[in-house]
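Participant: Submitted below is the structure of interest, expressed as structure tokens.
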Amino acid sequence: PVLKGAEDVQVLMSTMATFAQASNQHVNVAKSKLLPVGDPSVQPMPAAIAGIPVTEAATTLGITFHAGLGPATPKRDWRGLQEKITSKLNKLGNLPLSAFGRAMGSTTYALSKALFYLEHTGLPTAAQLDVLDKALAKLVDRANGNGFTYVRKELLLGPAKHGGFGMLAVKQHIQARHAVWAVKLITGDVVVPWIHVGRALLQKLWGAGWHPMLPLLPSAQAVHDASHATGVAPMPAPLARIFSALHELPGIQDVNTAPLALGPFCAAAPLVGNPWLHDAHDNVIGRDNSSDAMLHLFKCLSVGGLAHFLQFASVASDEEWLGSSWGRIVPRHLALQQVHGWLQFVPSAWLSAGLSVPAQPHPPGQAFLAATHTLMERLGWKVENDDNGGRAATIVVPLASLSVRLAYRMLLQPVVDRRVERWKAFIAEARALDVADVDEAHVHALQGLLALIWRRIKWSNNRKVLYWQICVNGLPTSTSRNTGRACYCEAVGHVCPDRKHHLWDCPAAVAVVAELCKCLGVAQLQRHHVWLMQLPDQLGHLHNNGASGNVQHVVREVWIVVCLAALQAMWSTTKKVMDPSIRHSLAAQPRGLHVVAAQGSVAHFWELLHEFAQGARIPGAWRRLLPRGMPFLHFPDVARRLQVNTEHRLVGG
């Protein structure tokens, strides 16, 4: 409980004694503590009050609060917390997990307690966050147990089904949590105790012109700086923290599809911080010492107040003006000059609506807050929906409906944009296009493919992660930093520059593509058939007479498995032979290094298909819809398990 002072301790103990008599549940005084908060007392605190020890620090739910501060500020031992996180990350690194599994483990196991602390005590320094981000990236994108990373750490962020690797952006996640707290404070029910206290504190800081839209001002954080001459007291650290996070989100806008119908409520609508009142540059009326004082002086905190003042100042006689409360302070021409600066923000239709009702009392009351609430119900964000199977869609997020997931998604938008740029380069390379010719349809198709692989292909994630790396050019090719290795076929005169070589031009890759062509009965395949997993015409014409359902969906899923196995075989073989010791031993064989590598990649391709057929969870529709005799994978008969078709010929049509 929170007590007003030392004199209330005895009252608490008496009350708890009565409770103990009724319930037989007694307070253990020796294990209780009293923590003084607020301004330090002039007199030294006793060692105990009513038998309860007085302490200078107390820990609750893992967060330590210290006495003598106003209010008591939560502290954390970041160095100790960092050591615990590092220990857990090292344990995860020793487990046989995929990059996706390590990313999920880092969030649910290594960071879970830290996220709670950071939400309630604030973020560490930028340098400390950078150390943490690098440790997470080193865990998630490690190759063969070493610490080298080849995917840029920001591209590891975001859910796997959206093209990320599942790594959590700690800073953005905590900011999302803080932003949601800020929204709850200004939109929640005031009967909730913490909201009631928070609103009362904000009103005290902002003064009589307070309304819940003021913290949404883009410049709102400036008035929380004690050195900024605004006449507004600086916010306490917890409030400043959550509203700073809210301002990291994209700008709030009117998301209601119906135009705002002006009416009597406009008379009580606020002038300062009203997003519907803006100039030609979309600037709203802000808050500073001069405008704040003049607004109060002219009783113009609302649109109606401004409209009635302007009407009076325009038509009143000199005697009436001098007899008014305004005329006794400022000449009429100076008053009109000041008001004219505000008129560039307020459309005439709003002024007319403001005159439709009598002048409101000053300072404004319930009508002022009611009009603000009417406007706030229309505010929110428009967020691109990532959970739409690759189809472009935008969802509307009202202000009061903001969730941590959606706030996090908006804060990660710069990461999404960088990933899309990598995707465009990959698509352009797959289709032999210029990057400028890759449009949104291509990007959404790749996004849908990644979502389909994640959702429908029930194979080990270790067999999927390679494709995620390929899409963002995250493989340790001969041009990647930290590798310094050239492809094995450099010895036979091939140039070994990049992803295209290792996954298409290298003899090991050429052999796998030739094997695919042999099974399909075609002379060649295009890169987009394998890299973007688009069905070749030969498979696109397959059907299963008498079966109900979409056969093409099932055939497409099988082709995805084939392409995953093909790319894995290409890369695994070239990467293995790139090891200098292995290359040296294989080069001594009579067949030649490039022949051995080509045969090995084809063999590995079929091994991977056998692995899938024997160990993966096969979708039920495959048994019913998969055409008999389909190359690569098929059911010899309904009663048998999925098997690899090694006949190297396309059956059916």
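The values are calculated or read from the model by the stated rules, or taken from the named source; none is laboratory data. Predicted, not measured: the structure shown is a model, and the values here were computed from it. Here Cβ is always computed from backbone atoms with ideal geometry, including for glycine, and neighbour counts include all displayed protein chains. Heads up: the accessible areas ignore ligands, DNA and RNA and are worked out on the full protein's heavy atoms, side chains in. Shrake-Rupley method; radii C 1.70, N 1.55, O 1.52, S 1.80 Å.
Participant: Pairs, please: C-beta under 9 Å, at least 6 apart or cross-chain, first residue open to solvent by less than 50 Å² (accessible area, probe 1.4 Å) and in the stretch 316-330, second among the hydroxyl-bearing types (Ser, Thr, Tyr)?
Facilitator: From the stretch 316-330, the pairs are Ala316/Ser324.
Participant: Give me the pairs: first residue in the stretch 140-153 and at pLDDT 75 or above, second residue open to solvent by 60 Å² or more (accessible area, probe 1.4 Å), beta-carbon distance under 8 Å, and six or more apart or on different chains, which are they?
Facilitator: Hits for this filter: Asp141/Lys153; Arg142/Phe148; Tyr150/Asn482; Arg152/Arg418; Lys153/Lys134.
Participant: Okay, moving on. So, in the stretch 584-620, how many residues would count as being open to solvent by less than 30 Å² (accessible area, probe 1.4 Å), under 39 Å from the mean Cα position of the chain (by Cα) and modelled with pLDDT under 90?
Facilitator: So the answer is 2.
Participant: Another question, if that's okay. Exactly one of (1) modelled with pLDDT of 85 or more; (2) open to solvent by 10 Å² or more (accessible area, probe 1.4 Å) is unmet by Ala229. Its number?
Facilitator: Ala229 satisfies every listed condition except (1).
Participant: Considering only the stretch 404-425, state which residues are among the small types (Gly, Ala, Ser) and touching a Leu at 6+ places or on another chain (Cβ under 7 Å). Even if it seems obvious, please write down each step before you answer.
Facilitator: Here is the first cut: in the stretch 404-425, the residues among the small types (Gly, Ala, Ser) are 407, 425.
If the condition is that a residue be among the small types (Gly, Ala, Ser) and touching a Leu at 6+ places or on another chain (Cβ under 7 Å), then Ala407 is the only one that fits.
Participant: Ok, one more. Just need a number here: residues in the stretch 50-63 that are open to solvent by 30 Å² or more (accessible area, probe 1.4 Å) and outside any loop (DSSP other than H, G, I, E, B). Please lay out each step first, then the result.
Facilitator: Just the residues of the stretch 50-63 that are open to solvent by 30 Å² or more (accessible area, probe 1.4 Å), to begin with: 50-51, 53-57, 59-62.
Filter again for outside any loop (DSSP other than H, G, I, E, B), leaving 53-54, 57, 59-60.
Summing the residues that are open to solvent by 30 Å² or more (accessible area, probe 1.4 Å) and outside any loop (DSSP other than H, G, I, E, B) in the stretch 50-63 gives 5.
Participant: While we're on this one: Quick one: is Val190 modelled with pLDDT under 95 and of a type outside the set (Gly, Ala, Ser)? Break it down stepwise before answering.
Facilitator: Numbers: modelled with pLDDT under 95: yes; of a type outside the set (Gly, Ala, Ser): yes.
Taking the combined requirement at face value, the residue satisfies it.
Participant: Looking only at the stretch 495-525, count every residue that is out of contact with any helix residue (DSSP H, G or I) (no Cβ under 8 Å at 6 or more places or on another chain), in a loop (DSSP other than H, G, I, E, B) and either among the acidic types (Asp, Glu) or closer than 18 Å to Ile560 by Cα (or both) and tell me the total.
Facilitator: Within the stretch 495-525, residues that are out of contact with any helix residue (DSSP H, G or I) (no Cβ under 8 Å at 6 or more places or on another chain), in a loop (DSSP other than H, G, I, E, B) and either among the acidic types (Asp, Glu) or closer than 18 Å to Ile560 by Cα (or both) number 1.
Participant: So Ala110 fits all but one of (1) at pLDDT 80 or above; (2) open to solvent by 60 Å² or more (accessible area, probe 1.4 Å); (3) under 25 Å from Ala245 (Cβ atoms); what number is the exception?
Facilitator: Here Ala110 clears every test but (2).
Participant: From the list Val9, Val2, Val37, which residue is of a type in the set (Val, Ile, Thr), modelled with pLDDT of 80 or more and either within 46 Å of the chain's Cα centre (by Cα) or open to solvent by less than 60 Å² (accessible area, probe 1.4 Å) (or both)? Spell out how you get there, then give the answer.
Facilitator: Details: Val2 fails: modelled with pLDDT of 80 or more; Val37 fails: modelled with pLDDT of 80 or more.
Matching residue, one of Val9, Val2, Val37: Val9.
Participant: Can you spot a residue in the stretch 376-385 that is more than 30 Å from Ser302 (Cα to Cα) and either in contact with an Asp or Glu (Cβ under 7 Å, 6 or more places away or on another chain) or modelled with pLDDT of 95 or more (or both)? Write out each step before concluding.
Facilitator: Initially, the stretch 376-385 is screened for residues more than 30 Å from Ser302 (Cα to Cα), giving 383-385.
Filter once more, so that each one left must be either in contact with an Asp or Glu (Cβ under 7 Å, 6 or more places away or on another chain) or modelled with pLDDT of 95 or more (or both): none.
No, every residue in the stretch 376-385 fails to be more than 30 Å from Ser302 (Cα to Cα) and either in contact with an Asp or Glu (Cβ under 7 Å, 6 or more places away or on another chain) or modelled with pLDDT of 95 or more (or both).
Participant: Can you give me the number of residues within the stretch 122-139 that are assigned to a helix (DSSP H, G or I), open to solvent by less than 70 Å² (accessible area, probe 1.4 Å) and in contact (Cβ under 8 Å) with a residue 40 or more places away in the chain?
Facilitator: So the answer is 6.
Participant: Which one is most open to solvent (accessible area, probe 1.4 Å) among residues in the stretch 176-200 that are more than 22 Å from Gly380 (Cα to Cα) and assigned to a loop (DSSP other than H, G, I, E, B)?
Facilitator: Within the stretch 176-200, the first condition is being more than 22 Å from Gly380 (Cα to Cα), and the residues that meet it are 191-194, 196-197, 200.
Now restrict to residues that are assigned to a loop (DSSP other than H, G, I, E, B): 191-192.
Working: Val191: 110, Val192: 51 Å².
Per the criteria, the residue is Val191.
Participant: Sticking with this one: Out of the stretch 17-34, which residues are part of a helix (DSSP H, G or I), of a type in the set (A, V, I, L, M, F, W, C) and open to solvent by less than 60 Å² (accessible area, probe 1.4 Å)? Don't jump to the end; show me each part of the working.
Facilitator: Looking only at the stretch 17-34, we keep the residues that are part of a helix (DSSP H, G or I), and these are 17-23, 29-31.
Next, only the ones that are of a type in the set (A, V, I, L, M, F, W, C) stay: 17, 19-20, 22, 29-30.
Ala17, Ala20, Val29, listed by residue number.
Participant: Anything in the stretch 413-469 that is touching a strand residue (DSSP E or B) at 6+ places or on another chain (Cβ under 6 Å) and either within 30 Å of Gln175 (Cα to Cα) or open to solvent by less than 70 Å² (accessible area, probe 1.4 Å) (or both)? List them, or say none.
Facilitator: Taking the stretch 413-469 as the starting set, the residues that turn out to be touching a strand residue (DSSP E or B) at 6+ places or on another chain (Cβ under 6 Å) are 415, 458.
Residue satisfying the conditions is Val415 alone.
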